[in-house]
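Novice: Handing you this structure, nothing more for now.
The values are calculated or read from the model by the stated rules, or taken from the named source; none is laboratory data. On a predicted model such as this, the values are computed, not experimentally measured, just so you know. Every residue, glycine among them, receives a Cβ derived from its backbone with ideal geometry; neighbour counts consider all protein chains shown. When the accessible area is computed, the model is the full protein with side chains, heavy atoms only, and any ligands, DNA or RNA have been set aside. Shrake-Rupley method; radii C 1.70, N 1.55, O 1.52, S 1.80 Å.
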Amino acid sequence: MVAQLKEFGKTRRGWLGVRIQAVTPEIAESLGLPGHKGALVASVTPDGPAAKAGIQAGDVVTKFDGKEIDEMRRLPRVVAETSIDRAVPVEVWRKGKAQTVQVKVGELEAAEEQGLLAANPDEKQQPKDKAPAQKPTESLGMKLTVITPELRQQFEIKPDLKGVVITEVAGSSTAAEKGLRAGDVILEVGQEEVRKPEDVTAKVQKAKEQSKKSVLLLVDRKGDLRFVAIPLS
């Protein structure tokens, strides 16, 4: 920090351009990841260093520049200490196997100045056309339906978002225990896109047939993405 202040007049911290979350045992099991280590990428900043390197939502960062990422909190510290514009190897766990990509580290302060760290802006436009009401499908203790214009308006779902909306969560369900609620939109199940409730039930059934203990959902809540592992027992 002293050297940076002398040379640049300010601190310059490394920036990767991802939003991350902890890897729980359920998430690790659903991803086939040996041990619950690493940092799970929930979303990637468009045009950020990670996006340019090909890192995707659902990847688990297990090593950064040769350093083990044994828990989520270690990744921001390691990245921040890395020199700006330096290309480093990043090991990620993706769809059952380890891969290595090269990432050119960005500058956190510059990203802040450009507003790249701000939350997704609210979408004010709402479709005006009407669609017939859909009968909800029940799965994992939740009532699911396709996204209609009325539901977009009711739950403030972005116009371009595609997925399956949760309209009700049983209070005694594991989905409720994991914090899911009405208005959340399921984008992926088992790292595969879903567009209708039947997609969700089919992928949940597939996970059960594969004897998986949990199934991983990618959920959008008003622009905030996160992965949720729901136990199947």
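Novice: Pop a pseudo-label 7 angstrom from the Cα along the beta-carbon direction at both ALA80 and SER172 and give the gap in nm to one decimal.
Specialist: Here the answer is 4.5 nm between the modelled labels.
Novice: Going through the cross-link list LYS37/LYS208; LYS143/LYS206; LYS63/LYS208, which pairs have a Cα-Cα distance over 29 Å in this structure?
Specialist: LYS63/LYS208
Novice: Could you tell me how many cubic angstrom of Cα convex hull volume the stretch 129-231 has per residue?
Specialist: 88 Å³
Novice: Which order do the peptides 91-98, 59-66, 38-45 come out in when sorted by mean C-beta neighbours inside 10 angstrom, highest first?
Specialist: Taking the mean over residues of other Cβ atoms within 10 Å, the ranking is 38-45, 59-66, 91-98.
Novice: Provide the FRET efficiency to the nearest 0.05 for the GLU113-ARG181 pair, computing r from the beta carbons and using R0 = 30 Å.
Specialist: 0.30
Novice: Can you tell me the 0 to 90 degree angle between the C-alpha axis of helix 197-209 and the longest principal axis of the chain, rounded to 10?
Specialist: Helix 197-209 sits at roughly 70 degrees to that axis.
Novice: Before anything else, pin down the relative contact order of the chain: Cα pairs under 8 Å, at least 6 apart, normalised by residue count, whole percent. Write out the running numbers ahead of the final one.
Specialist: Values: 477 pairs, mean separation 39.9, N = 233.
About 17 percent, as a whole number.
Novice: Note down the net charge around VAL194, summing +1 for each Lys or Arg and -1 for each Asp or Glu among other residues with Cβ under 14 Å from its Cβ.
Specialist: Neighbourhood net charge equals -2.
Novice: Per-residue ellipticity at 222 nm for the chain, helices alone: DSSP H runs ≥ 4 residues times -39500 (n - 2.57), over residue total, nearest 500 deg cm²/dmol? Let's see the in-between values first.
Specialist: On the way: 8 runs with 56 residues, N = 233.
So the helix-based figure for the chain works out to -6000 deg cm²/dmol.
Novice: How many percent of the accessible area of the chain is carbon or sulfur, using a 1.4 Å probe? Intermediate values should be presented prior to the final figure.
Specialist: Working: 6080 of 12690 Å².
That share works out to 48 percent.
Novice: Give me the Kirkwood hydrodynamic radius of the chain in Å, from all C-alpha pairs, to one decimal place?
Specialist: 19.1 Å
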